[in-house]
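The structure appears below as structure tokens.
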Amino acid sequence: MRLLGSLLLCLCIPAALAAEANAPKLDVGKGGECVKDTQWMRKNHMHMLKHQRNETVRKGVRVEAEAFKACVECHASTSDNSVTAREDSFCVGCHRYAAVKIDCFECHASKRKEALAKKETK
Amino acid sequence: MVDLSKLYSMNRLYYVLLAIGGLAVLGGAYAVLMMEHHGHIISGMNNQIVWGMPHVFAIFLIVAASGVLNVASIGSVFGKAVYKARAPLASLLSIAMLAGGLAVLMLDLGRPDRIIVAATNYNLTSVFAWNVVLYSGMFSLVVVYLWTMMERRMNPFNKAAGLAVFIWRFVLTTGTGLIFAFLTARQAYGSALLPPMFIVLSFAWGLAVFHVVQKVIYAWNEKALDPAILQRTKNLLGVFIVGSLYMVATYHFTNMYFAQQKGFELFILRDGGIYPNLFWWGYVVFGNVLPLLLIYFPGLGKTKCVMIASMLVVLGAFALLYVFIIGGQAYPLNIFPGYEVSSTFADGQIASYTPSIYEFLLGFGGLAIAFLITTVSVRVLNFMPQDKPYISD
Amino acid sequence: MSDIDTQRRQFLKTSAGAAAIAIAPGMMLYQTVRADTAAASSKVRWGMLIDTAQCKEGCNDCVTACNKENGLSGKTGATDSQWIRKIEIKDISNGHTVSLPMMCQHCEHPPCVDVCPTQASFKRADGIVLVDRHLCIGCRYCMMACPYKARSFVHETLTDQNPDVPRGKGTVESCSLCVHRIDKGQIPACAEACQNKAILFGDLNDANSEIYKKVRSAATVQIRADLQLNPGVRYQGL
């Protein structure tokens, strides 16, 4: 049994290495750590966003740091101000890699507020 | 010696029919894809006419689906042998039309991808939410009912299942009527008469659809329907037509009686262009008067006449629903009684609506789903009515 | 109980204590942040009083401000969204004309909330009627139910929405009373934009607010009061 386990584990190592090698290189924008550490966010951001969305929309609780637009504000690319515009944009890059479809940006702005404001004045 | 060539050609015809149905379903699927990609901008619907052609198709299918069960109920609940022999076919038609109607209704949503939300977030005060339960309940009940008829060991439960279906279908049509009856702000709707009106309409529409399908199946199997049986069901259709005409007339008369609704009634019945035309010609003349003549006029009332009458009833149903759903929204909402109003949002104006090809594709897709389910089921299972030598009961 | 068990318990106790000490400052910080952003309170009932005598025919400032604030196109085609619109009404019996803005009336008993199958239409504790677009399936039943025609359906794909006002294709939307501004302590864009101060915004429950005093001193009406929906938007001079 143990042998089988270790064999499986051995098989996983190259897979994990390969995954690491193929992992998308993301344009993390300004990045940083305002809510939780990177690993936690990778694993749990969707739960946090969903919780946050219900709190904000239905109860009116607005926590600045956890707001969707705050995520975009920090993680939008510093070159094009977007989290979705390019293959390696923060949200799109990883979601494409993980093959998880998101529909957030059908409604939510995918760009920094200042970028949108600038566009308006042009 | 069996004539095989005949069998082959029938077989070929069956696949041709399947292909036609399949094509229509594909057309519907194409419309759904286009509508999901571009949004409802490519439909004729807008912010004034929010429910359009797809809803006409969907509501027809759903109302007829509950109505066709009447045939089964008369057999199972009231014990009439002629109808009992037709209960399986009626149940099958009901399932098929319900599936078609619901498909249209769901695929017309702005976000059909989120349909699961309707099950996870349930609003107890919403008639739509009730209908989600009513429709799915009906589906399963009718399946059980079919099971009790087609599986010998389940036969003892047939009566109970039949009764349950009978009650459920009344509640279901009431629910369909209530969708509109609860819209108190709109002149066209918000009437307690609507649920009973829809129930009576369902009787006529369901039986009409049943007549057509039955005729086709008999022709397919090269059997002739006993004229005495047709005599009975055609008279029933006549009674239902008179009943539904009465309900529709009462609905309009009560509206005329309320001063607030008078403008709306004049619009629908006299001044509204396409709507009074569809109402008087489409619904009253072609959907009711002609069928009644075909059924009752001395010398008429033969198989062909009943067939044409049934098809006309279905046509009339579409005309009535178009007037009811779209005409009802086209007439401006009375926000300021006693005032003349104007705005950029069509206040005080008759809303215009031109259904787009996609809406028709979607609607016919729904009909095609019902058609395919029926055609395949009739071929693989035995839904042919098995009449004993006719005894009047 | 074995020795190991006792040891394990001891260890767990200590580490739990240590963890609590480590987390406590963070928790406290978290809570102070939270206090500034409290949930909408049911003690508040946001509303508006529109003085039609001050509302000028032909003036469209409230509409323009709304469009800009909420990122609407401003187009008025049959499929374009309009959250607020100017209505000109004329008394049929005497020809008296009045101009007024019409938008979601933020009813106490909103029909849109009653009919919504998925609870996407909802009323916030402070009386604001909203659409939760995460739940909206786009059935448009609320549009059929609304006596004021306050709602619009998004017929097309949208891009570059205002980050404060997410909105998108296939869902229904309407005046949110500029909820994102209210939560920041600001007043709705239309009320701010009106040069004649025809739109008075405030808390209908707050005895010290101007709107509270005014609805008690002046003759105000609710539109379609016969439906007994108790809208939060009142009109003066109708």
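The values are calculated or read from the model by the stated rules, or taken from the named source; none is laboratory data. These numbers were taken from a predicted model, which means no experiment stands behind them. Here the Cβ is made from the backbone with ideal geometry for all residues, glycine too, and neighbour counts use every protein chain on show. Heads up: the accessible areas ignore ligands, DNA and RNA and are worked out on the full protein's heavy atoms, side chains in. Shrake-Rupley method; radii C 1.70, N 1.55, O 1.52, S 1.80 Å.
Observations, loosely collected:
- Meets criteria (at the interface with another protein chain (Cβ under 7 Å from one of its Cβ atoms), under 17 Å from C:Leu227 (Cβ atoms), surrounded by fewer than 22 Cβ atoms within 10 Å (Cβ to Cβ) and not aromatic (Phe, Trp, Tyr)) for C:Asp114: yes
- Positions within the range A:76-104 being more than 17 Å from C:Pro166 (Cβ to Cβ) and part of a helix (DSSP H, G or I), in sequence order: A:Phe90, A:Val92, A:Gly93, A:Cys94, A:His95, A:Arg96, A:Tyr97, A:Ala98
- For the range C:172-193, the criterion of being within 14 Å of chain B (Cβ to nearest Cβ) and under 18 Å from A:Cys104 (Cα atoms) is satisfied by at least one residue.
- Test for C:Ala198: is it over 24 Å from C:Ala40 (Cβ atoms), under 21 Å from the mean Cα position of the chain (by Cα), in contact (Cβ under 8 Å) with a residue 24 or more places away in the chain and open to solvent by less than 40 Å² (accessible area, probe 1.4 Å): yes
- Filter result (part of a strand (DSSP E or B), open to solvent by 10 Å² or more (accessible area, probe 1.4 Å) and under 17 Å from C:Gln222 (Cβ atoms)) within the range C:85-106: C:Val98
- Among the criteria (1) open to solvent by less than 20 Å² (accessible area, probe 1.4 Å); (2) more than 29 Å from B:Gly52 (Cβ to Cβ); (3) of a type in the set (Ser, Thr, Tyr); (4) in contact with a helix residue (DSSP H, G or I) (Cβ under 8 Å, 6 or more places away or on another chain), the one C:Tyr235 does not fulfil is (4).
- Top-ranked residue in the range C:201-217 [being open to solvent by less than 50 Å² (accessible area, probe 1.4 Å) and touching a residue at least 60 places away in the same chain (Cβ under 8 Å); ranked as nearest to the other protein chains (Cβ to nearest Cβ)]: C:Asp203
- Members of the range C:117-129 that are within 30 Å of B:Pro355 (Cα to Cα) and either away from chain B (no Cβ under 11 Å) or assigned to a loop (DSSP other than H, G, I, E, B) (or both): C:Pro117, C:Thr118, C:Gln119, C:Ala120
- Counting the residues of the range C:150-171 that are within 14 Å of chain B (Cβ to nearest Cβ), open to solvent by less than 20 Å² (accessible area, probe 1.4 Å) and not β-branched (Val, Ile, Thr) gives 8.
- Identity of the residue in the range B:291-345, among the β-branched types (Val, Ile, Thr) and open to solvent by 20 Å² or more (accessible area, probe 1.4 Å), that ends up farthest from the other protein chains (Cβ to nearest Cβ): B:Thr303
- Scanning the range B:62-114 for residues that are touching a Leu at 6+ places or on another chain (Cβ under 7 Å), open to solvent by 20 Å² or more (accessible area, probe 1.4 Å) and among the β-branched types (Val, Ile, Thr) returns a single hit, B:Val77.
- Filtered by the rule that a residue be more than 7 Å from chain C (Cβ to nearest Cβ), of a type in the set (A, V, I, L, M) and closer than 15 Å to C:Pro166 by Cα, the range A:57-71 gives A:Ala67, A:Ala70.
- Test: residue in the range B:103-110 that is within 14 Å of chain C (Cβ to nearest Cβ), in contact with a helix residue (DSSP H, G or I) (Cβ under 8 Å, 6 or more places away or on another chain) and without any contact (Cβ under 8 Å) to a residue 24 or more places away in the chain: yes
- B:Gly348 falls short on exactly one of the conditions (1) open to solvent by 40 Å² or more (accessible area, probe 1.4 Å); (2) closer than 30 Å to B:Gly263 by Cα; (3) touching a helix residue (DSSP H, G or I) at 6+ places or on another chain (Cβ under 9 Å); (4) free of Cβ contacts under 8 Å to residues at least 60 places away in the same chain, and that condition is (3).
- Qualifying residue in the range B:15-32 (condition: modelled with pLDDT of 95 or more, crowded, with 23+ Cβ neighbours inside 10 Å and over 28 Å from B:Ile167 (Cβ atoms)): yes
- Screening B:Asn155 against (1) free of Cβ contacts under 8 Å to residues at least 60 places away in the same chain; (2) of a type in the set (S, T, N, Q); (3) surrounded by 15 or more Cβ atoms within 10 Å (Cβ to Cβ) leaves a single unmet condition, (3).
- Considering only residues in the range B:161-171 that are hydrophobic (A, V, I, L, M, F, W, C) and touching a Phe, Trp or Tyr at 6+ places or on another chain (Cβ under 7 Å), the one that is farthest from B:Ile325 (Cα to Cα) turns out to be B:Ala161.
- Filtered by the rule that a residue be more than 11 Å from B:Ile326 (Cβ to Cβ) and in contact (Cβ under 8 Å) with a residue 24 or more places away in the chain, the range B:40-53 gives B:His40, B:Ile42, B:Ser43, B:Asn46, B:Asn47.
- Of all residues in the range B:111-141, those satisfying the criterion of being at the interface with chain C (Cβ under 9 Å from one of its Cβ atoms) and in a loop (DSSP other than H, G, I, E, B) are B:Arg111, B:Ile115, B:Asn121, B:Tyr122, B:Asn123, B:Thr125, B:Ser126.
- Elements of type helices (runs of 4 or more DSSP H) contained in the range B:198-299, each with 1 or more residues being within 30 Å of B:Arg86 (Cα to Cα): B:227-257, B:290-296
- Search result, residues across the range A:86-96 that are out of contact with any helix residue (DSSP H, G or I) (no Cβ under 8 Å at 6 or more places or on another chain) and farther than 22 Å from A:Lys36 by Cα: A:Asp88, A:Arg96
- Qualifying residue in the range A:28-48 (condition: crowded, with 20+ Cβ neighbours inside 10 Å and either within 25 Å of C:Ala40 (Cα to Cα) or more than 9 Å from every other protein chain (Cβ to nearest Cβ) (or both)): yes
- Test: B:Leu134 is closer than 28 Å to B:Ala31 by Cα and either out of contact with any Asp or Glu (no Cβ under 8 Å at 6 or more places or on another chain) or open to solvent by 10 Å² or more (accessible area, probe 1.4 Å) (or both): yes
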